[in-house]
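Q: Just passing along the structure, written as structure tokens.
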Amino acid sequence: MKITEPMIQLFASAFGEPFSDFQMKKYMNELSPEEQERILQYKNPEDRQRTLLASKMTSAILERYFDKKHPVQIKRDNMGRPYLCSEPAWGGDFNLSHSGAWILCAVANSGRVGIDVERIEPIDLSAAAYCFSDDECRRLFRQPAENQLHFFYERWTEKEALAKTVGVGLLETITDLKAEPHSSHTVKWNVKHYCLDREYLACLVSTEGCCPEEIVFLAHRDIGL
């Protein structure tokens, strides 16, 4: 598996079956002590497995990207955003997200990327007043009733992906983050939404290059499991 054109690629891997204790211990031992500690902070076994899968998937993709025979070194900044510290001259970026049944990773040759995936679940749409701008709320409630939940999650994943692209805390800027030209951030956004299946929506944001039309789906064996 090689990352060639297009400039940006989006990868997805399914959660799959729950790992046994033996599998979890084996895969954890393949990670750095820092990554193991981060994963063990999650109390829920499914959250631990999702986080482990995201770590293994990201490492496998970047190792192939740089044709490395040894693990790449990934660290996190003070906002928790991962970055590649073993390739300081690289002008590209990567980002990851996981929710429920899916783990996603986006990689760009240049510029910045942000990815978010969410499971579509029933919610009280009045919550939009706390996270959407007035204009976005108006647009939400102008939708036919059967489309409002989908519209909400499209906007929500877009805000999450935008926040991750610029590396800011979501709650600090949530109502201002939007892809319109006159948003509070002046970067020219490229935004694309994806339906992974009937239950999951994702959004990819990039500052350079077009977002890909297709998602590359990886089996667990593709990421070294």
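Q: Would segment 71-87 turn up any residue that is in contact with an Asp or Glu (Cβ under 9 Å, 6 or more places away or on another chain), closer than 15 Å to L204 by Cα and β-branched (V, I, T)?
A: no
Q: Follow-up. Scan segment 171-191 and tell me whether some residue there is under 30 Å from L52 (Cβ atoms), of a type in the set (V, I, T), modelled with pLDDT under 95 and in a strand (DSSP E or B).
A: There is at least one residue in segment 171-191 that is under 30 Å from L52 (Cβ atoms), of a type in the set (V, I, T), modelled with pLDDT under 95 and in a strand (DSSP E or B).
Q: Can you name every one of the helices (runs of 4 or more DSSP H) wholly within segment 22-137 that holds 1 or more residues which are surrounded by 18 or more Cβ atoms within 10 Å (Cβ to Cβ), under 19 Å from the mean Cα position of the chain (by Cα) and among the basic types (K, R)?
A: Output list reads 45-65.
Q: Can you list residue pairs whose Cβ atoms sit under 6 Å apart, with the first residue in segment 27-42 being over 15 Å from A60 (Cβ atoms) and the second being open to solvent by 50 Å² or more (accessible area, probe 1.4 Å) and at pLDDT 90 or above? Count only pairs 6 or more apart in sequence or on different chains.
A: Listed pairs, sorted by first residue: I39/R48; Y42/R48.
Q: Still on this structure, I have one more. Here are some conditions: (1) of a type in the set (D, E, K, R); (2) outside any helix (DSSP H, G or I); (3) under 16 Å from I115 (Cβ atoms). E17 meets all but one. Which one does it not meet?
A: Among (1) of a type in the set (D, E, K, R); (2) outside any helix (DSSP H, G or I); (3) under 16 Å from I115 (Cβ atoms), E17 violates only (3).
Q: Against the condition surrounded by 12 or more Cβ atoms within 10 Å (Cβ to Cβ) and of a type in the set (S, T, N, Q), how does S13 come out, does it pass?
A: It is true that S13 is surrounded by 12 or more Cβ atoms within 10 Å (Cβ to Cβ) and of a type in the set (S, T, N, Q).
The values are calculated or read from the model by the stated rules, or taken from the named source; none is laboratory data. Computed from a predicted model, the values in this text were never measured in an experiment. Cβ sites come from the backbone with ideal geometry, for glycine too, and all protein chains shown count toward neighbours. To get the accessible areas, we keep the full protein, side chains included, count just its heavy atoms, and leave off ligands, DNA and RNA. Shrake-Rupley method; radii C 1.70, N 1.55, O 1.52, S 1.80 Å.
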